[in-house]
1. Quick check: is even one residue across region 123-134 out of contact with any helix residue (DSSP H, G or I) (no Cβ under 9 Å at 6 or more places or on another chain), modelled with pLDDT under 90 and polar (S, T, N, Q)?
2. Hey, among SER42, SER108, which residue is in contact with an Asp or Glu (Cβ under 7 Å, 6 or more places away or on another chain) and either open to solvent by 60 Å² or more (accessible area, probe 1.4 Å) or at pLDDT below 90 (or both)?
3. Taking region 75-93 as the region of interest, how many residues are open to solvent by 10 Å² or more (accessible area, probe 1.4 Å), hydrophobic (A, V, I, L, M, F, W, C) and over 15 Å from PRO119 (Cβ atoms)?
4. Return a yes/no flag: does region 43-55 have any residue that is under 13 Å from the mean Cα position of the chain (by Cα), among the hydroxyl-bearing types (Ser, Thr, Tyr) and in a helix (DSSP H, G or I).
5. Can you tell me which of TRP16, TRP37 is within 18 Å of ALA136 (Cα to Cα) and open to solvent by 20 Å² or more (accessible area, probe 1.4 Å)?
6. Within the set of pairs 6+ apart or on separate chains, which have a first residue in region 124-136 that is among the small types (Gly, Ala, Ser), a second that is assigned to a loop (DSSP other than H, G, I, E, B), and C-beta atoms under 7 Å apart?
7. Please enumerate the residues belonging to region 1-18 that are in contact with a Leu (Cβ under 9 Å, 6 or more places away or on another chain) and at pLDDT 90 or above.
8. Exactly one condition in (1) exposed (fewer than 13 other Cβ atoms within 10 Å of the Cβ); (2) touching a residue at least 40 places away in the same chain (Cβ under 8 Å); (3) more than 20 Å from HIS134 (Cβ to Cβ) is not met by ARG8; state its number.
Amino acid sequence: MADGRLLRALFRCHLWASARLMPVLIAGRSFEGVLKWAPLASSTPYRGLPAAYIVARVSRAVRHPWLMRDRRCLREGLLGHRFLRLAGFDPELRFGVDPKSLQTPRVSAHCWVCLDGRPVVSDSLPGMVEIYRHHADASKGRAA
């Protein structure tokens, strides 16, 4: 395994490339295709990096979006889930909708990442109803 400085440098390069390529690679895909960017099982090349470091770097990587401006939480959530998983953590990617928006032409949806039941990347917005959890343990993941 790489030493700490090299590991962090490799992580930052991987995150930077993923943040730039993901919008293009998920464009036009189905929900199931998009969720492939949030793997349920993966190797752990970044084991040893703290969750707080990963979350801070993900937030920084998506700070000024050129693409996916209207789906910023999805971009941040997918990257946060992906890199927490690559570091050996067990995150949940949660999705919710605003019930008031269901009668409008554009449904208001949101996603966030939880670690040990607590939001670490974004958070549920007021009025949102959780509709799906993307989690490796089938007994924890659920669809409403």
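The values are calculated or read from the model by the stated rules, or taken from the named source; none is laboratory data. From a predicted model like this one, the values you see are computed outputs, not experimental measurements. Counting neighbours? That spans all protein chains shown, and the Cβs are built from the backbone with ideal geometry, glycine included. Note: areas computed on protein heavy atoms with side chains; ligands, DNA, RNA excluded. Shrake-Rupley method; radii C 1.70, N 1.55, O 1.52, S 1.80 Å.
1. Checking region 123-134: at least one residue is out of contact with any helix residue (DSSP H, G or I) (no Cβ under 9 Å at 6 or more places or on another chain), modelled with pLDDT under 90 and polar (S, T, N, Q).
2. On the way: SER42 fails: in contact with an Asp or Glu (Cβ under 7 Å, 6 or more places away or on another chain).
It is SER108.
3. Keep residues of region 75-93 that are open to solvent by 10 Å² or more (accessible area, probe 1.4 Å), which gives 75-76, 82, 85-86, 88-90, 92.
Still in the running and hydrophobic (A, V, I, L, M, F, W, C): 86, 89.
From the residues that got through so far, the ones that are over 15 Å from PRO119 (Cβ atoms) too are 86.
So the answer is 1.
4. No, every residue in region 43-55 fails to be under 13 Å from the mean Cα position of the chain (by Cα), among the hydroxyl-bearing types (Ser, Thr, Tyr) and in a helix (DSSP H, G or I).
5. Values: TRP16 fails: within 18 Å of ALA136 (Cα to Cα).
Testing whether each residue is within 18 Å of ALA136 (Cα to Cα) and open to solvent by 20 Å² or more (accessible area, probe 1.4 Å) leaves just TRP37.
6. GLY127/ASP98; ALA136/LEU40; ALA136/ALA41; ALA136/ASP90
7. Result: LEU7, ARG8, PHE11, HIS14, LEU15, SER18.
8. Condition (1) is where ARG8 drops out.
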